[in-house]
Amino acid sequence: MSTVTLASKRRKQALRTAAFMSPWLIGFAVFFAYPLISTVYFSFMHYDGFKPPTWSGTKNWTYVFEHYPFFWPALRNTLWLVLVMVTLRVLFGLGVGLLITKIKTGTGVFRTLFYLPYLAPPVAATMAFAFLLNPGTGPVNSILEKVGIPAPGWFNDPTWSKPALTLLALWGIGDLMVIFMAALLDVPQEQYEAAELDGASAWQRFRYVTLPNISPIVMFAVVTGVIQTMQYYTQPLIAGKVASGVIQGAGTQFEPGYPEKSTLTLPQLVYNLGFQRFDYGSACVVALVLFALSMVFTAFLMRRRGGLNLAGD
Amino acid sequence: MPGISRKAALALAASASLALLATACTGQSSSGADDDASKDTTINFWHAWSAPNEVKAVNSLISGFEKAHPNIHVNVVANMTDDKINQSLRTGGDKAPDVISSFTTNNVGKFCSSGALVDLNPFFKKAGIDPETTFPKAMNEYTQFDGNRCTAPLLGDAYGLYYNKTAFAKAGIKNPPKTWSEFAADAKKLTIAQGDSYKQLGFMPDYHGWETTTEHYFGQFSPTYFDKAGKSQLATDPAFEAGFKLQKKLVDELGGFRKLETYRSKLGDEWGVKHPFHTGQVAMQLDGEWRLGMAVEAKPKFDIGVAPLPVPDDRADQYGKGYITGTITGVSAASHKQNAAWELVKYMTTDTDAVVNFSNAIHNVPSTLAALKSPKLKYDPRFKTFLDIAANPNSTTSPASINGGVYLATIQNFGYDYESGKVSDLKAGLKKTAAQIDTDIAQAK
């Protein structure tokens, strides 16, 4: 075969490969590469959406890191939520999944009961929780006071606002429960039987049979949980607004993070800077911080996943 | 992939990225006011009113306009927030608004400096209307920024004091307080404890007590927010320190921040019938003129009194003034029907009968001097207090800023820290907050 024919064949093959890959390539370019490149680009520009963007160097970066009073509280809150909320969600989801797979009767009822809250729209669910946890009139505090437990301020107290958000997240655990149930039911029964024959206790069966089998699902739950929490926006915003009393009024000042910036998250800053202040440059900086954090968390977890698989093997 | 293909792919990716970036950078379209307002046309009008009676009143206002201008049809969209309006002004398109109205004057600076709304000065000039002699002083001020009049006032809001006359009589108070000292004394007299909470609170001073915002308090102190160079005067004008001290004194004397906040969490919301003033849970309320209609509709079990807000003791001669703000309206810079849009703005903001009828319908303060004096204005005698506040030359407003209401939110956030005791050094706090305001403004430039 001549060199020309071979080159022509290779070119055709490359074109065919590119054609087959094009749906992904186009999606990647439009929905990932372009937004990422333009976010980096605009983070160095002064741009308000009207006048043409102008080069501003590192001004936006300096502003966000040194002068924007909401950035560090929002970062701390976001990291708190990633560590505490994700951990508790995974543990609680796994616990509920385990419990339901062990129940002999009424499984359907319990599955439905735990899954239903997940279907509630986030705004409605948050408003319902703000009502339930209202420190003055909410039924939760009424009950706590009746049994002599000091009632927390929940969404009105900076110490309790994030735990209150975590409770809300645990209430809507239905999605994780279903995933864990499917994984738990998939664990080969003969492995449990063999462990029992070896005299393994319930904890040992869970540690050495269940956990290695479901570790990829645990990792999936953690990684998706981290990404979801990094994008946590609606619930803290609504909770803060409802608790502060600023729930209506088109001219009402935006007050991020009530009380005392404790419910502020990075996505709220992206919205505040980008779509309320129209400081697109600074919003892009915060978006890039979020992106970098997500990458760091994901990379760390993926490395851990490698370790878990090894342990499983 | 062979070398040529790789180069081609890189070139394609680079040009695609550039093309996409270029489209992202286009911003607003330029549009001169070259449409013919006498030809048959349809314009879009977005407003923020949402209550059924308000929406009905807006529709009636628009019907009046369409009768006067049969060739201009108006497509009305209600319940729009500033966020949505700002987005639509940026995106443009057939469904984007030609005329907008917003409840907050805080965004005027941003609307004007960004070029989102057109400067109405040439339109006013062409129509032979002088805004300075048409609108009350404060309203004339808050509708422009740096000489760019990109908005016009569409009814106004005046802030005053609502008081429970029955509770006043029970407490032996004969007249509403005129100075803050009298106010503080009355608020204490009107406060009735119940366990570790209140049966009746004289006044809810917390900055989360809805209309008890920093700018509304400070309005009575006639502060200067910015110097001529545009620098924050928060730390240098003593009015701010006096305002913060007054509010903190009220918070401390009426029970302390935590106790008040716990009580506040038990109260009904601002816009509902169970508003604490309606239910008698607070005896005095700093609020706008709209509260009167809402309070009357709630049929409270007491007589409602209305008065101007008190003034500082050393400004007793200025009693009668108040904080003024209101709804504003403007024409989109992206609109291709700016002359027709101007006709609507002109009608809504300067036609005396239109302004009066709209004011009668939604119980807001008329926004022209002629309408304020109109015999057609129908109102509860108590409403006269707000008309007087609006017309009072000592009444104040907060100035427009390039970054909108960010400076007000920054001051308010400092207020939260100060009232809760998180910040105790007021002077240092004011300096730091002023520096923050200056940095935010520099960032927006």
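So here's what we get for this one:
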quantity: Shielding score for B:80-91, defined as the mean number of other chain Cβ atoms within 10 Å; calculated: 3
quantity: Mean separation of Cα contacts under 8 Å, 6 or more apart, over the residue count of chain B: relative contact order %; calculated: 26
quantity: For chain A: relative contact order, % (alpha-carbon pairs under 8 angstrom, 6 or more apart); calculated: 26
quantity: Exposure of residue B:411 as accessible area (Å², to 10), given a probe of 1.4 Å and all protein chains; calculated: 0
quantity: Partners for residue A:9 among lysines (Cα-Cα distance below 20 Å; same-chain residues under 8 apart left out); calculated: B:7
quantity: FRET efficiency, 1/(1 + (r/R0)^6) with R0 30 Å, evaluated for residue B:77 and residue B:273 via beta carbons; calculated: 0.60
quantity: In sequence order, calculated HN-Hα J values of segment A:272-281 (Karplus, 6.51, -1.76, 1.60; Hz; x Gly/Pro); calculated: 4, 6, x, 10, 10, 8, 6, 9, 4, x
quantity: Förster-model FRET efficiency, 56 Å R0, residue B:87 and residue B:189, C-beta, rounded to 0.05; calculated: 0.70
quantity: Residues residue B:121 and residue A:298, FRET efficiency given R0 of 56 Å [Cβ-Cβ distance, rounded to 0.05]; calculated: 0.55
quantity: Under 19 Å from residue B:299, Cα to Cα: lysines that are on another chain or at least 8 residues apart; calculated: B:165, B:274
quantity: Between A and B, accessible area buried - total, square angstrom, nearest 100, 1.4 angstrom probe; calculated: 4000
quantity: Counted charge near residue A:262, where neighbours are those whose Cβ lies closer than 10 Å (Asp, Glu -1; Lys, Arg +1); calculated: +1
quantity: Surface share of carbon and sulfur [accessible, 1.4 angstrom probe, percent] for segment B:239-339; calculated: 51
quantity: Whether the protein assembly as shown is rounded, prolate or oblate, judged on the alpha carbon gyration tensor where a/c under 1.5 counts as rounded; calculated: oblate
quantity: Exposure rank, largest accessible area first [B:211, B:297, B:182, A:196; 1.4 Å]; calculated: B:297, A:196, B:182, B:211
quantity: In nm, spacing of pseudo-spin labels at residue A:103 and residue B:66 (7 Å Cα→C-beta vector); calculated: 5.7
quantity: List B:132, A:260, ordered by accessible area with a 1.4 Å probe, largest first; calculated: B:132, A:260
quantity: Out-of-range pairs (alpha-carbon distance over 25 Å; input A:162/B:427; A:59/B:431; B:189/B:259; B:178/B:384; A:59/B:427); calculated: A:162/B:427; A:59/B:427
quantity: Qualifying aspartates and glutamates (Cα of each under 15 Å from Cα of residue B:376; at least 8 residues distant if same chain); calculated: B:351, B:353
quantity: Rel. contact order, % - alpha carbon contacts under 8 angstrom, at least six apart, segment B:260-304; calculated: 32
quantity: Shielding score for A:272-278, defined as the mean number of other chain Cβ atoms within 10 Å; calculated: 5
quantity: Carbon/sulfur fraction of accessible area - chain A, other protein chains in place, 1.4 Å, %; calculated: 68
quantity: Per residue value of the accessible surface for segment A:1-53 (all protein chains in place, 1.4 Å probe), Å²; calculated: 72
quantity: Residue of B:262, B:279, B:349 that the Gaussian network model of chain B assigns the largest fluctuation, springs spanning Cα pairs under 10 Å; calculated: B:262
quantity: Residue-span extension gain [residue A:55 to residue A:32] - 0.36 nm each, minus C-alpha spacing; calculated: 5.9 nm
quantity: 3J(HN,Hα) from dihedral phi, segment B:124-136, Karplus parametrisation 6.51/-1.76/1.60, rounded to Hz, x for glycine, proline; calculated: 4, 4, 4, 7, x, 10, 9, x, 5, 9, 8, 9, x
quantity: Computed accessible area, residue A:206, all protein chains, 1.4 angstrom probe, square angstrom; calculated: 40
quantity: Label-to-label distance, nm, for residues given as residue A:116 and residue A:207 (7 Å Cα→Cβ offset); calculated: 3.9
quantity: Probe 1.4 Å - accessible area at residue A:201, Å² to nearest ten; calculated: 50
quantity: Hull shadow area, averaged, chain A [alpha-carbon convex hull, nm²]; calculated: 26.4
quantity: Amide H partners (placed H, <5 Å) of residue B:324, local residues excluded; calculated: B:396, B:397
quantity: Where labels lie 7 Å past Cα in the beta-carbon direction, separation of residue A:193 and residue B:130 in nm; calculated: 10.1
quantity: Exposure rank, largest accessible area first [A:31, A:291; 1.4 Å]; calculated: A:31, A:291
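The values are calculated or read from the model by the stated rules, or taken from the named source; none is laboratory data. All figures in this text were calculated on a predicted structure; none of them were measured in a lab. Neighbour counts run over all protein chains shown; Cβ positions are idealised from the backbone, glycine included. Quick note on the areas: whole protein, heavy atoms, side chains included, nothing else; ligands and nucleic acids left out. Shrake-Rupley method; radii C 1.70, N 1.55, O 1.52, S 1.80 Å.
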